[in-house]
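What follows is a single structure, written as structure tokens, with notes after it.
What follows draws every value from the coordinates through simple rules; no lab data is involved. Computed from a predicted structure; not experimentally measured. Reconstructed Cβ throughout: ideal geometry from the backbone, glycine too, with neighbour counts over all protein chains shown.
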Amino acid sequence: MELLKASDLVKSFGSKNAVNGINFDIEEGRCVALLGPNGAGKTTTLKMLSGLLEPTSGSIDFKGEKAKDLRQFIGYLPQYPTFFNWMSGKEFLVFAGQLAKLNRKEAEKRSEELLERVGLTNAKKRKIGGYSGGMKQRLGLAQALIHRPKLLILDEPVSALDPLGRREVLDMMREIKEETTILFSTHVLHDAEEISDDILIINAGKIVISGSLGNVMEEYRQPILQIEFESLATDWLKSIASYSFVSEVNIQGNKASIVLKDMVYGKQALLRDIADRKLPIRKFEISQTTLEDLFMKVVKA
């Protein structure tokens, strides 16, 4: 069932369109990853959906709600959340709950529930200024959930975290998506593959790919030959781009990803060529197009 629909959404800053007429919808109960390079329009899009920016034109329709201000139905965590460092974790959540129009008793109860959920019960009386980056991000998640939103919007929720903090937040997102709809932006494509149901790829202010992760990957999947050499083989790799059975060659140092039109014939021909030229290899294996491969292709187009 459709929860949110964005139609012809535009946001201009002076003569520049940061978001240029995008259309997409979000289904209830889904976890949606918004992907794109820096400057593509991700944060601007999320701020419009969360009510923090007014669209220049276009519309945002939220299921069954006629209210002009939809912030009561949306939880939002910015990329760089700010806190009152002199407050304790619990004081901050109670404050956020009251801002979200919970009464004091409700805010107290909900704060205790969320502090336990995000693993901060033992630190609830500690000043936020003494929290680690991961703890602050978990507190930010609790704040975004304080009023039981129908849509949780997260802007780069793990970008500033170390591997342990990133794993903690991803595990919480995996739990949260069982009870509410999530839209999050990320640069970490592996995270999108791990927890999202649907993806939106935005580039230069336009949606270039959208759909369920499984369907998108099936549509764009191609066989790829991954080769790693013991030393640089740049000249040979450049030369094979002209072979009739080769679609694309991506070179990264002594590694290469080769997209083949005919995997059976292509892998045999290239292996013979490597043996004839006595090029020393460490790895020669077949794989499929990843989300990162697809992302790099569409943002470079």
| task | For the chain, find the longest principal axis of its Cα atoms and tell me its angle to the long axis of helix 263-276, 0 to 90°, nearest 10. | result | 60 degrees
| remark: Nearest 10, in degrees from 0 to 90: the angle of helix 163-176 to the longest Cα principal axis of the chain is 70 degrees
| What is the local net charge at K278, summed over the other residues whose Cβ is closer than 13 Å to its Cβ (Lys, Arg +1; Asp, Glu -1)? | -1
| message | Taking 0.36 nm per residue of sequence separation and subtracting the Cα-Cα distance, how much length would be gained by fully extending the chain between E178 and K206, in nm to one decimal? | response | 7.1 nm
| message | Name the residue from S247, A144, G58 whose Cα lies farthest towards the positive end of the charge dipole of the chain, charges +1 on Cβ of Lys and Arg and -1 on Cβ of Asp and Glu. | response | A144
| Shape call for the chain from the C-alpha gyration tensor, a ≥ b ≥ c root eigenvalues: rounded (a/c under 1.5), prolate (a/b greater than b/c) or oblate? | prolate
| query | Among the listed pairs K90/K150; K42/K177; K238/K283; K42/K238; K261/K300; K11/K136, which are separated by more than 25 Å between their Cα atoms? | reply | K42/K238; K11/K136
| request: Can you tell me how much longer the chain between K238 and Q252 gets when fully stretched, taken as 0.36 nm per residue apart minus their C-alpha distance, in nm with one decimal? | output: 3.9 nm
| In whole angstrom, how far apart do the alpha carbon centroids of the range 273-301 and the range 1-33 sit? | 34 Å
| message | Full-extension gain between A160 and Q268, please, as 0.36 nm times their residue separation minus the C-alpha to C-alpha distance. | response | 34.5 nm
| said: For L260, what residues show an amide H to amide H distance below 5 Å, using hydrogens built from the backbone and excluding near sequence neighbours? | reply: L225, S247
| note | For the pair S15 and F95, the simple spin-label estimate (label points 7 Å beyond Cα toward Cβ) gives in nm 4.3 nm
| remark: Quick calc, D69 & E112: beta-carbon distance into FRET formula, R0 41 Å, rounding 0.05, result 0.90
| Value of relative contact order over the chain, rounded to a whole percent, pairs C-alpha under 8 Å and six or more apart | 20 percent
| Tell me, what HN-Hα J-couplings in whole Hz come from the Karplus equation 6.51 cos²θ - 1.76 cosθ + 1.60 at θ = phi - 60° for each residue of the range 40-46, using x for Gly and Pro? | 6, x, 5, 5, 4, 4, 5
| said: With n ≥ 4 as the cut-off for DSSP H runs, can you work out [θ] at 222 nm for the chain, using -39500 (n - 2.57) per run divided by the number of residues, rounded to the nearest 500? | reply: -10500 deg cm²/dmol
| note | Rounded to the nearest 10, the angle in degrees between the Cα long axis of helix 89-99 and the longest principal axis of the Cα atoms of the chain comes to 70 degrees
